1. Can you tell me which residue in region 298-309 is least open to solvent (accessible area, probe 1.4 Å), limited to those that are without any contact (Cβ under 8 Å) to a residue 60 or more places away in the chain and in a loop (DSSP other than H, G, I, E, B)?
2. Select from region 92-112 the residues that are small (Gly, Ala, Ser) and open to solvent by 40 Å² or more (accessible area, probe 1.4 Å) and write down the one among them that is modelled with the lowest pLDDT.
3. List the number of the failed condition for Ala345; all other conditions in (1) buried (at least 22 other Cβ atoms within 10 Å of the Cβ); (2) hydrophobic (A, V, I, L, M, F, W, C); (3) within 22 Å of Gln453 (Cα to Cα) hold.
4. Considering only residues that are touching a helix residue (DSSP H, G or I) at 6+ places or on another chain (Cβ under 9 Å) and either assigned to a helix (DSSP H, G or I) or of a type in the set (Val, Ile, Thr) (or both), which ones fall in region 28-42?
5. Tell me, yes or no, whether region 134-144 has at least one residue that is open to solvent by less than 30 Å² (accessible area, probe 1.4 Å), in a helix (DSSP H, G or I), of a type in the set (Asp, Glu) and at pLDDT 95 or above.
6. Given the condition touching a Leu at 6+ places or on another chain (Cβ under 7 Å), of a type in the set (S, T, N, Q) and over 22 Å from Leu31 (Cα atoms), answer yes or no: does some residue in region 227-235 qualify?
7. Looking at this structure, is Leu352 in contact (Cβ under 8 Å) with a residue 24 or more places away in the chain, over 27 Å from the mean Cα position of the chain (by Cα) and surrounded by fewer than 20 Cβ atoms within 10 Å (Cβ to Cβ)?
8. I'm told Arg38 meets every condition in (1) over 24 Å from Glu389 (Cβ atoms); (2) surrounded by fewer than 18 Cβ atoms within 10 Å (Cβ to Cβ) except one. Can you identify the failing condition by its number?
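The values are calculated or read from the model by the stated rules, or taken from the named source; none is laboratory data. Remember, predicted model here, so these are calculated numbers, not experimental data. Every residue, glycine as well, gets a Cβ built from its backbone with ideal geometry; the counts of neighbours run over all protein chains shown. The area values use the complete protein model at the heavy-atom level, side chains included, leaving out ligands, DNA and RNA. Shrake-Rupley method; radii C 1.70, N 1.55, O 1.52, S 1.80 Å.
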Amino acid sequence: MSRPTYAVVHCASEMTPLAKVGGLGDVVGALAAEQARRGHRVTVALPAYRALAVPPGWTRRRLPGCEVPWGLGMEPAGFELISPPASGDGADGAPAAGGGSLEVLLVEHLGERRFFDRAGIYDDSARGQSYPDGAERFVFFARAALQALARRGEPLDILHAHDHQAGWVPCFARTHFAAEPAFASAATVFTIHNLGYQGIHDPWVLGLAGFGRELFHPAGPFEFFGRVNDMKVGLAFADLLSTVSPRYAREIQTGGEFGFGLEGVLQRRAGDLRGILNGIDDATWDPARDRFLPHPYDRDHPHGKAKVRAALREECGFPLAPDWPLVGTVSRLVDQKGFDLVEQAEADLLRLEARFVVLGAGRSRYQELFTRLMIQHPHRFHYRAGFDERFAHLIEGGCDLYLMPSRYEPCGLNQMYSLRYGTVPVVRATGGLADTVEDFDPRTRAGTGFVFQRYEAGEMVAALRRGLTAWRQPAVWAELVRRGMGSDFSWRASADGYDRLYADALERVREGRVPTLDSVRARP
């Protein structure tokens, strides 16, 4: 039976291969490409960053600009439409044959401050400072993107907003743009990629967005402990909500370290919230075809992994003997990712017969930790600051174990990359990590990795020790690796979940059950 196809617009602050800071870019880029392959007509609205990396072969077309309402005045916007080459094989984000299409609407700010014509996406990395006008940048992005879509006049089925940077999209669609023909029958969906980042600003931003201060009160959608919260705005106005793993959808309703003050909102909208596990781009992340690996391998021909491991060991300057397992990590170096546990466990980690490879940047505290460990123990630790795509793939392909001890993890992608590359994950049982990694049982030999429950350094080290013990048993290890490499985390299954979400959202629109400014006032 054929699936229905939709005209979908994703509004997001990142999309691979054009602009990426973290997993959001990977998810938006891969989901949009998979939906186009399925026959959907897909547009991604994206800020026109100076650092945008448009691949060769993409077509570019200027669209008419416009003035965007901005408080009591107007701000100028420009637009460009870009599209990947219609290669028919999905390369570089292009859709395969199937009747679908993929294009990207770039939103420019042409005002004096040039919101997106800056060195970084969210911050000035050279100074280590976030841009102070984040509220203005993304309110403008949301309103300008909808204005461009309205002016094009093409009917839409789904407006899909991602994370707090696009939180005003569902709001504007149901208020300022409610009478626009292009949005007349469109449903809105809001996806939480990480509730820990919410976009919280002083109340004056409400005026820029075109709303009066009479709406700023605890029973309404805009007030959050005396400030405006972009994430809350998206949660209040979207027809349906989703997040990026089933377990995380449950966790964020519990408060504490998961809810970040929005658990009450999420509890009241629990019936509207779906947990859809992210997929991975299994064309890019495929050890049999990975252009960054010196030797290909796959589940049925695993011998090339030993050669990749040797290449990684040589690049890190590790000695040939003793032959200890390599433990890798590619991550933002922030508390959420569990690096305080690594810091606490330093002495215990140095007692393990293992070597560690870390790639990433973030808090200076952790960068200094790994830099010191590499200087003091060059045969045990290798650290590379920043992000290096080639080296990230080499770590996934060349390591034996992958450490991901997150305090919380909405979904996580690297544990899924690791399983596909035969690199056994060691993870904490939270969010998407718990949904994707099954703890190894040495009695039954079931499982795909090593999972610890409590957020404690000792628990993390114990899980690593279990992994090192299994590595010393070649037959057990080979079976464990093979089982993990057989996991299927492609976007095909995840896209099915979004198709169902879209169908449910459109049904609500047809029934007239959509949020309005009046209806959401009763929702905190």
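1. First, pick out the residues of region 298-309 that are without any contact (Cβ under 8 Å) to a residue 60 or more places away in the chain: 300-301, 303-304, 306-307.
Imposing the further condition that a residue be in a loop (DSSP other than H, G, I, E, B) reduces the set to 300, 303.
Values: Asp300: 102, His303: 150 Å².
In this case the residue turns out to be Asp300.
2. Looking only at region 92-112, we keep the residues that are small (Gly, Ala, Ser), and these are 93-94, 96-101, 111.
Keeping just the survivors that are open to solvent by 40 Å² or more (accessible area, probe 1.4 Å) gives 97-99, 101.
Numbers: Ala97: 43, Gly98: 57, Gly99: 70, Ser101: 95.
Looking at the filtered set, the residue picked out is Ala97.
3. (1)
4. The answer is Gly29, Ala30, Leu31, Ala32, Ala33, Glu34, Gln35, Ala36, Arg37, Val42.
5. Checked against the condition, which is being open to solvent by less than 30 Å² (accessible area, probe 1.4 Å), in a helix (DSSP H, G or I), of a type in the set (Asp, Glu) and at pLDDT 95 or above, region 134-144 yields at least one hit.
6. As a first pass, look at region 227-235 and keep what is touching a Leu at 6+ places or on another chain (Cβ under 7 Å): 228, 231-232, 235.
Narrowing the set further to residues that are of a type in the set (S, T, N, Q) leaves none.
Taking every residue of region 227-235 in turn, none turns out to be touching a Leu at 6+ places or on another chain (Cβ under 7 Å), of a type in the set (S, T, N, Q) and over 22 Å from Leu31 (Cα atoms).
7. On the way: in contact (Cβ under 8 Å) with a residue 24 or more places away in the chain: yes; over 27 Å from the mean Cα position of the chain (by Cα): yes; surrounded by fewer than 20 Cβ atoms within 10 Å (Cβ to Cβ): yes.
In short, yes.
8. With respect to (1) over 24 Å from Glu389 (Cβ atoms); (2) surrounded by fewer than 18 Cβ atoms within 10 Å (Cβ to Cβ), Arg38 is out only on (2).
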